[in-house]
Amino acid sequence: MVPPLLKDPTFWTDDSNWSAEPLPHIPELRGHVFFRTSGSTGEAKWIALSKEAILLSAAAVNRHLKVTPKSRWGLALPLKHVGGFGILARVHEAGCYLSHFPQSWDPALFKAHITVTHVTHTSLVPTQVYDLVAAGITASPYLEAVVVGGGKLDETTGQAARDLGWPVLASYGMTEACSQIATQGFDFLSKKYRTAPIPILPIWNTRLAENGNLEISGPALFTGMVREGIYHPRLGEWHQTSDRVLLENAAISPLGRADFTIKVLGELVDPEEVATEIMLLSRGALDSRNFTVVAIPHARMEHALVPVLNESVKLQEIKIFLSQYNAAAVGFRRVVNPVSISQFPRTELGKLKRRELTEQVHKEFQD
């Protein structure tokens, strides 16, 4: 259920606060919304977003996706995450209709719901798109745009979704930016699905820091954060992220998290990039639901790259692709023998808990 408070239009102009969990009163942060997140260290913190910033983000997204008062936004994400909450702001900003999918996630019921309510725009996470594709569910004829956030949707699944009529558009964003920083536009729907480039929304300025990480500035940037009940205001106009990206032609191509990059034989390697290369070699046999690569400490190489498979994957068949990959890869990018596990640890939105998985794999190697 959408809390009654958030259905009241005065919520967006008063100085009340909102958070999914109780927070201590912080006088400096009236008129803010708080979202719990974890930094690169895994430390829990609350990001404080002003209502004004959230509405500025909402307006930018609505303009980009051609939302009008006649449009209908479908909500199938939890409000305690900025991707779900942002939809409420877009509905308020556009003065359009909100269709809330109230049940636990079910792809068939979701399709029926958005068809009956004539939803034109919605946001989904990659796991939800995977489920729609796996079930072979075609899209509602009223749907104009599906913004995919909260992680990267692989190109095989993205194209399969397009083939079923789902107008999926890759996006790049973060809680600190009130959701979307960059989103593909309708012109991308006439092309084959690609995860990048992703055009930057006009309210954002971007640049690369000296360490190569993305920095952003703009009117929808977070006010500050709360750790252990203590408020830490944002310092400066620019916010440095933990992401590596390519910036070109006013678009972002995500390259992975800087804090996931490790050294193997003295060379920097991103395990996610290695996983993507192997998935491409597998021609659809592997995807991010059942496969990844993690790095664990290794006495000689500094780190070993370990392929991790869901136990539903037939190991003997996959070893062929791993051998093909290793034959073509330079030494420091080669993988060791794979590990099978029963279930990948994930957040409620389906995002891989990479640190938890890495610890689990490391323990198996030690045992």
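The values are calculated or read from the model by the stated rules, or taken from the named source; none is laboratory data. Just so you know, these numbers come straight off a predicted model, no measurement behind them. Because the Cβ atoms are built from the backbone with ideal geometry, glycine has one as well, and the counts that use them run over all protein chains shown.
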TODO: Kindly establish whether R354 is surrounded by fewer than 14 Cβ atoms within 10 Å (Cβ to Cβ), closer than 30 Å to S123 by Cα and not assigned by TED's automatic domain parsing to the domain that holds R36.
DONE: no
Task: Qualifying residues in the stretch 131-147 (those that are in contact with a helix residue (DSSP H, G or I) (Cβ under 6 Å, 6 or more places away or on another chain) and surrounded by 18 or more Cβ atoms within 10 Å (Cβ to Cβ)) - the one farthest from I278 (Cα to Cα) - done: S140
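Test of understanding: among G74, G84, G95, which residue is without any contact (Cβ under 8 Å) to a residue 40 or more places away in the chain, on the phi < 0 side of the Ramachandran plot and among the small types (G, A, S)?
Working: G74 fails: without any contact (Cβ under 8 Å) to a residue 40 or more places away in the chain; G95 fails: on the phi < 0 side of the Ramachandran plot.
After ruling out the rest, the residue left standing is G84.
Matching residues to (1) over 19 Å from the mean Cα position of the chain (by Cα); (2) crowded, with 19+ Cβ neighbours inside 10 Å; (3) in the same structural domain as Q128 (by TED's automatic domain parsing); (4) aromatic (F, W, Y):
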site: L281; (1), (2), (3), (4): yes, no, no, no
site: R289; (1), (2), (3), (4): no, yes, no, no
site: H303; (1), (2), (3), (4): yes, no, no, no
site: S312; (1), (2), (3), (4): yes, no, no, no
site: R333; (1), (2), (3), (4): yes, yes, no, no
site: V336; (1), (2), (3), (4): yes, no, no, no
site: P345; (1), (2), (3), (4): no, no, no, no
site: E359; (1), (2), (3), (4): yes, no, no, no
Task: Number of the exception - Y231 against (1) in contact with a Gly (Cβ under 7 Å, 6 or more places away or on another chain); (2) without any contact (Cβ under 8 Å) to a residue 60 or more places away in the chain; (3) closer than 20 Å to S50 by Cα; (4) not aliphatic (A, V, I, L, M) - done: (2)
- [ ] Give the residue that is surrounded by the fewest Cβ atoms within 10 Å (Cβ to Cβ), with candidates limited to residues of the stretch 50-82 that are at pLDDT below 95 and of a type outside the set (A, V, I, L, M).
- [x] P78
Open item on the list: Going by what's in this entry, would A220 be described as crowded, with 19+ Cβ neighbours inside 10 Å, within 23 Å of the chain's Cα centre (by Cα) and either in a loop (DSSP other than H, G, I, E, B) or among the polar types (S, T, N, Q) (or both)?
Closed with: yes
Open item on the list: Pull out all pairs, ordered by first then second residue, where Cβ-Cβ is under 8 Å, the residues are six or more apart or on different chains, the first lies in the stretch 3-28 and is in the same structural domain as A59 (by TED's automatic domain parsing), and the second is among the small types (G, A, S) and in a helix (DSSP H, G or I).
Closed with: W12/A89
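State all residues of the stretch 308-337 that are assigned to a helix (DSSP H, G or I) and without any contact (Cβ under 8 Å) to a residue 24 or more places away in the chain; if no residue qualifies, say none. Give the steps one after another, and end with the answer.
Taking the stretch 308-337 and keeping what is assigned to a helix (DSSP H, G or I), we get 315-328, 331-333.
Matches in the stretch 308-337: Q316, K319, I320, S323, N326, A327, A328.
Answer yes or no: is there a residue in the stretch 188-202 that is over 25 Å from V146 (Cα atoms) and touching a residue at least 40 places away in the same chain (Cβ under 8 Å). Steps first, answer last, please.
Going residue by residue through the stretch 188-202, those that are over 25 Å from V146 (Cα atoms) are none.
So far as the stretch 188-202 goes, no, none of its residues is over 25 Å from V146 (Cα atoms) and touching a residue at least 40 places away in the same chain (Cβ under 8 Å).
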